[in-house]
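Note sheet for the following structure.
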Ligand code: ANZ
Ligand code: ZN
């Protein structure tokens, strides 16, 4: 009896796959293609997490199945290696980020290989390599060329602890995504990518792809399309136009005041005529300490200051109304100014109550003495709109009125903002821009790419929040590419999300040094057939990369309008305590430890068996040991092997049924039920005491995507050949049906017996068998009625 020596078996096959490049994808093969993508890891110092294993195991199973089904599969991996965690480690330890990154990549690579993932290791990408980031810079310059890059001095999200400007996506919930410090608003000059120009395309594209409903919804909400109107109010004292954005132009007659953001430029413009300017300045200073998230909380107590010296005029009614500044109006949305309708907007209502402002009802249906009425109803107190009962009609009518008066028009707004695209840090792609005293902003010529990150030792951030690159004279000083005069390089670097915005394109042709990928390779592989990753990337990486891809599509550089045909997401693995795994809680499971003690195959089977793939599930040691026992049982099947090239009568139905179940479940990512089906088949075989060659082969192929090492070893040592060269197993639908079925026999509705009958039996046969089964009870009785429900029951009424 051979022992199941998992560690010898696993390293043997890993070496074999490496040497034979078993999982290498071919460019330009005539086979059908399948491109499976998983989110490449950030190589952190902590090494791999069991969460990574679960994230990769899903499409690992699908990829292995597809190869056996005859597909040319691209299942690549790489490293998304620029970013703050590495830089912070480097600052703390004094080890250069390049070295930190290289060490971490070595560590991750060996861990990934130990689990036996079938990645194409010939296509590995490292986003921090010059031959990669050359093309990140190239795409940036293309965007610059097409007007999608601009510089603006505005209020930005700033993390005081990391000393960097953050995008909206990176400061969700008002906290820094990296260190979780509270974000403050700061006025800074930053680079932006005009992602808002793609808002509609990003939204519409969602209708053409197969994403999880929740993934779609989150993207829709993040883009946040709003339809409404821009209306110009005027200011009595100086005739200035004050433009507002509203989704409810129908409520214009109910406007009793206006609110502008504390940072609104009109305050600066008319400083001298505002009597309480000191109060306004003080209030604005308070607001700058708050995050946008905090400012937009509905429950928050309303605060504000009335502007003494500026009065608004309602363009429709001619009525004069006060103007306030308040933190509930954001400068970064709409126009930074609103018309307030306290009767029908909750925030305006609270504000009006607090400041004693009139509340005028214009829609009937609520009780505005108690709260704002936000529902539908008949228009009142609204001139030409009175009597209209439908919101849409009322809005249409008001848009007509505004058009006639020439003071307003229909408009669209998006919640999504332009992407703040620079960081004041060392470990990132240098932004390829030169500042020339004469020519202004000049792009680095394409021929000069890559603009290399200088390999210096001094990578600490500056005190003033300036990028470390600013201190490197040899980097900063350059000649203007346009006029040749002395000029300065941009010293900020790109944010961490740059490299991952196009990595799936590079995998198609990773060694190309003429283009980011050849058209031929892109045409063959795109779109990604199936992308799996975390929910936390749905409103950042997914939106960013769709944006880059759509831009490249518009300039003719990629062949498809969308990068990913399908997107799924795995659930988290929680600690045994049911909490999110974290170092501070001490509940982290190291995949290495599991591989050491139980083997990679057990780890792989367990992370897929622990629950629904898309749901979070806690780590459970005894359930993992159950997976170990399962594989032991598979190994022991060798002791029951008999000759036979066709399924035996006893197992035929079970084999077909299990093949069907596993094949279908894999496609739906129901890995846990697929494994459960194989477990019960093994139990049945074990109880039966024998298995023949045909059954063994099929079973090993079926289990191979989950547990590739043990199955390859058994398949090979039993003389069947190399499993990876076999065909995926098929089933016959007709044979999946059980040949017999249990039915109930009732007498006057009471169960008297349960009998097994052939599935194909007709009504007469069923009746005959049922009567035989309860012959004793029927003795001496007269049958009054017979009811037959095939597959379920026979009921005989007799007395
Ligand atoms: C008058 C009104 C009456 C409004 C009413 C709503 C209800 P969404 O759907 O999010 O686009 N608003 C506009 N700009 C704002 C800003 N910069 N900061 C805070 N609030 C702002 O919401 C648009 C509505 O939010 C606008 O419509 C405006 O209030 C407010 F019964 O105008 B509304
Ligand atoms: Zn110049």
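Values in this text are rule-based calculations from the coordinates and carry no lab data. In this text, all values refer to a predicted model and were calculated from it rather than measured experimentally. Heads up, the Cβs are rebuilt from the backbone with ideal geometry, glycines too, and the neighbour counts pull from every protein chain shown.
Data table
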{"read-out": "Backbone N under 11 Å from the residue 566 label point (7 Å along Cα→Cβ), restricted to the range 509-532", "value": "529-532"}
{"read-out": "Tensor-based shape of the range 642-724 (alpha-carbon gyration tensor, a/c under 1.5 rounded, otherwise prolate or oblate)", "value": "oblate"}
{"read-out": "Estimated inter-spin distance, residue 751 and residue 649, nm [label 7 Å along Cα→Cβ]", "value": "3.0 nm"}
{"read-out": "Difference of contour (0.36 nm per residue) and Cα-Cα distance, residue 220 to residue 279", "value": "17.3 nm"}
{"read-out": "Computed FRET value (nearest 0.05) for residue 247 with residue 536, which takes r as the C-beta separation and R₀ as 25 Å", "value": "0.25"}
{"read-out": "Nearest 10 degrees, 0 to 90: helix 97-115 Cα axis against the chain principal axis", "value": "20 degrees"}
{"read-out": "Computed over the chain: relative contact order in percent, which uses C-alpha pairs under 8 Å that are six or more apart", "value": "14 percent"}
{"read-out": "Gyration tensor (alpha-carbon) shape descriptor, the chain, a/c threshold 1.5", "value": "oblate"}
{"read-out": "Pairwise label distance in nanometres, residue 596 with residue 208, each label 7 Å out on the Cα-Cβ vector", "value": "5.1 nm"}
{"read-out": "Residue 738 versus residue 680: modelled label distance in nm, points set 7 Å from Cα along the beta carbon direction", "value": "0.9 nm"}
{"read-out": "Global geometry of the range 258-343, whether rounded, prolate or oblate, following the gyration tensor of its Cα atoms and the 1.5 cut on a/c", "value": "oblate"}
{"read-out": "Helix 541-554 axis, angle to the chain major axis (alpha carbon atoms, nearest 10°)", "value": "80 degrees"}
{"read-out": "Estimated 222 nm signal from helices in the chain, with DSSP H stretches of n ≥ 4 weighted -39500 (n - 2.57), rounded to 500", "value": "-10500 deg cm²/dmol"}
{"read-out": "Ranked 128, 30, 673, criterion: other C-beta atoms within 10 Å, fewest first", "value": "30, 673, 128"}
{"read-out": "Sorted by Cβ density within 10 Å, fewest first, the residues 513, 358", "value": "513, 358"}
{"read-out": "Tilt relative to the chain, helix 130-145 - C-alpha long axis, 0 to 90 degrees, to 10", "value": "50 degrees"}
{"read-out": "R0 of 60 Å, Cβ-Cβ distance residue 771-residue 303: FRET efficiency to nearest 0.05", "value": "0.10"}
{"read-out": "Distance between the range 570-622 and the range 139-153 - C-alpha centres, whole angstrom", "value": "43 Å"}
{"read-out": "The range 702-762-the range 14-76 distance, computed between alpha-carbon centres (Å)", "value": "29 Å"}
{"read-out": "Relative exposure of 782, 653, judged by other C-beta atoms within 10 Å (fewest first)", "value": "782, 653"}
{"read-out": "Label-zone membership for the range 613-636, site residue 8, 7 angstrom Cα→C-beta point, backbone N under 18 Å", "value": "632, 635-636"}
{"read-out": "Nearest-0.05 FRET efficiency for residue 616 and residue 718, computed from C-beta distance (R0 30 Å)", "value": "0.15"}
{"read-out": "Beta bridge orientation in the chain: antiparallel %, DSSP, nearest 5", "value": "75 percent"}
{"read-out": "Full-extension gain in nm, residue 103 to residue 514, via 0.36 nm per residue minus C-alpha separation", "value": "145.0 nm"}
{"read-out": "Pairwise centroid distance, computed over Cα atoms, of the range 524-556 with the range 469-491, Å", "value": "34 Å"}
